Protein chains: 2
Amino acid sequence: MPKISEEQRERRREEILAAARRCFATHGYEGATVVRLERETGLSRGAIFNYFPSKDELFLALAERDADRLSRLWADEGLEAVIRAFVGEDPAWLGAYLEVGRRLRTDAAFHERWKRRAPEAEDRIKERLESALAAGEIRDDIALESVGRFVGVVLDGLALRLAAGFPSPDAAELIALVESAIGGPARTRTPRRTSA
Amino acid sequence: MPKISEEQRERRREEILAAARRCFATHGYEGATVVRLERETGLSRGAIFNYFPSKDELFLALAERDADRLSRLWADEGLEAVIRAFVGEDPAWLGAYLEVGRRLRTDAAFHERWKRRAPEAEDRIKERLESALAAGEIRDDIALESVGRFVGVVLDGLALRLAAGFPSPDAAELIALVESAIGGPARTRTPRRTSA
């Protein structure tokens, strides 16, 4: 195999990821066979697996990117931007995501690997929530972890609905509802009178 | 084929449904082949399809029952009971549900059939929401349809999380969060002073 530069390698890796994303979106997780991945990337399986050791790892790399991108969006622009990004996501790609749900439940090794897919993303979200809590923007009567989990539930449900081709809820209304759910004293409650 | 009474027919239908539910839960939607359905029900495909014209219709009958049961629960005991029922649902069965998500998006006929699966259940929920709105228990600044859709999104997300084997959010906390999201003036806002 001819030697290629680090830059070329990086570019090739990006090309494989982009092609694989299209392939998973078009054919679903199960349907994205190695033959189809070869066709879509224009590379042999040997060349693909030189970058990603398995189809699972290829998919996980894409999932990692999404988690990373969304957590940055959350940290930089807030939950509203994340919800808008979800609503604008390719339903076909979300569909491929949902297919791994069953796999997650039935394959313990995959489940463990999935949980470790983007620890920095999780830390980033946790930090963002903590600072929102400190600023009184998030309710303090429910554990922060539960608040984060609730937002995750809403985003998962949104993905499911979009992937199934049902009309998306209006983003602005959805944002208002989520904010009422998790909003803190500074936002939703009547300010207490000072003793003065 | 020997004639059987209406009552026997009804009992047989119930047995097929119960066995099919186990089969879908164990093997997933795709994995629940006709051979496996035969084995689990102890009946030939001819006998099964005498009751349900296809595997799709068998699955839809189960989905209809769930929609019916949950809408009754919602109407009779409120949203809290529905959320608790979801948290207690068999994750394996929820997993089979999720598998049809992709089908819903890619198969227009199935999508249409799915939308018509339980119209009475939808009407029941709509009625319940309308009376809650009239009682001031639901916010009136967002369209009722959007409120209903939001609850659907939360329940879908919950199903996804449970089906994937992730820890369920605490039911009581989830209920509190959803109630804050959709709760109306009578519940969450400071009552207005009367002119007296």
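The values are calculated or read from the model by the stated rules, or taken from the named source; none is laboratory data. Nothing here was measured: the structure is a model prediction, and the numbers come from that model. With ideal geometry, Cβ positions are generated from the backbone for all residues, glycine too; neighbour counts draw on all protein chains shown. Areas reflect the complete protein model, heavy atoms only, side chains present, ligands, DNA and RNA absent. Shrake-Rupley method; radii C 1.70, N 1.55, O 1.52, S 1.80 Å.
Worth pointing out:
- Size of the B/A contact, given as accessible area buried on both chains, probe 1.4 Å, in Å²: 3700 Å²
- Projecting the Cα atoms of B:121, B:146, B:157 onto the charge dipole of the range B:83-193, computed from C-beta unit charges around the Cα centre, puts B:146 farthest toward the positive end.
- Using 0.36 nm per residue and subtracting the Cα-Cα separation, the extra length available between residue B:63 and residue B:44 on full extension is 4.6 nm.
- Shown for the protein assembly as shown is the translational diffusion coefficient from the Stokes-Einstein equation, using the Kirkwood radius over Cα pairs, a temperature of 4 °C and a viscosity of 1.567 mPa s: 56 µm²/s.
- Computed from phi, the 3J(HN,Hα) profile of the range A:14-26 under the Karplus parametrisation 6.51, -1.76, 1.60 (θ = phi - 60°) reads 5, 5, 4, 4, 4, 5, 5, 4, 4, 5, 5, 5, 6 Hz, with x in place of Gly and Pro.
- Estimated 222 nm signal from helices in chain A, with DSSP H stretches of n ≥ 4 weighted -39500 (n - 2.57), rounded to 500: -24000 deg cm²/dmol
- Extending 7 Å from Cα along the Cβ direction at residue A:90 and again at residue B:127 yields two label points whose distance is 4.5 nm.
- Between the amide H of residue A:183 and those of A:139, distances stay under 5 Å, these residues lying 5 or more places away or on another chain, with hydrogens modeled in the peptide plane.
- Heavy-atom accessible surface of the range A:93-190: percent carbon and sulfur, 1.4 Å: 49 percent
- Under 18 Å between alpha carbons - lysine pairs in the protein assembly as shown that sit 8 or more apart or on different chains: 4
- Simple point charges give the picture: +1 on the Cβ of Lys and Arg, -1 on the Cβ of Asp and Glu, and for the range A:31-172 a dipole about the Cα centre of about 660 debye.
- Degrees between helix B:144-163 axis and first principal axis of chain B (Cα, 0 to 90, nearest 10): 50 degrees
- Calculated label separations, residue A:26, copies of the chain, 7 Å along the beta-carbon direction, nm: 3.7
- For the protein assembly as shown, the solvent-accessible area with a 1.4 angstrom probe is 52 square angstrom per residue.
- Taking the chain by itself as reference, the range A:149-176 contains these residues with an accessible-area loss of 50 Å² or more in the full protein complex (1.4 Å probe, heavy atoms): A:149, A:150, A:153, A:156, A:160, A:161, A:164, A:166, A:173.
- Rg/Rh, computed from the Cα trace of the range A:1-56 with Rh as the Kirkwood radius, has the value 0.98.
- For residue A:77, inter-copy label distances in nm, listed shortest first [label point 7 Å out on the Cα-Cβ vector]: 4.3
- Potential lengthening of the chain between residue B:5 and residue B:171 amounts to 55.4 nm, from the contour at 0.36 nm per residue minus the alpha-carbon distance.
- Cα-based convex hull volume of the range B:63-117 per residue, rounded to whole Å³: 76 Å³
- Each other copy places its own label point for residue B:168 at 3.1 nm from this one, sorted shortest first, where the point lies 7 Å along the Cα-to-beta carbon line.
- Mean separation of Cα contacts under 8 Å (6+ apart) over length of the range A:1-123, as relative contact order %: 30 percent
- Semi-axes of the equivalent ellipsoid for the range B:108-172, Cα gyration tensor, largest first, Å: 24, 21, 10
- The distance from the alpha carbon centre of the range A:47-62 to that of the range B:75-134 is 36 Å, rounded to a whole number.
- Relative intensity, log₁₀ I(q)/I(0), of chain A from a Debye sum that treats every alpha carbon as a point, q = 0.10, 0.13, 0.14 Å⁻¹: -0.52, -0.80, -0.90
- With all protein chains modelled, accessible area of residue B:156 [1.4 Å, Å²]: 50 Å²
- For the range A:1-44, trypsin sites (Lys or Arg not before Pro) meeting the loop criterion (DSSP other than H, G, I, E, B) and having at most 13 other Cβ atoms within 10 Å: A:3.
- In order through the range A:91-101: 3J(HN,Hα) via Karplus (6.51 cos²θ - 1.76 cosθ + 1.60), integer Hz, x for Gly, Pro: x, 5, 5, 4, x, 5, 4, 5, 4, 6, x
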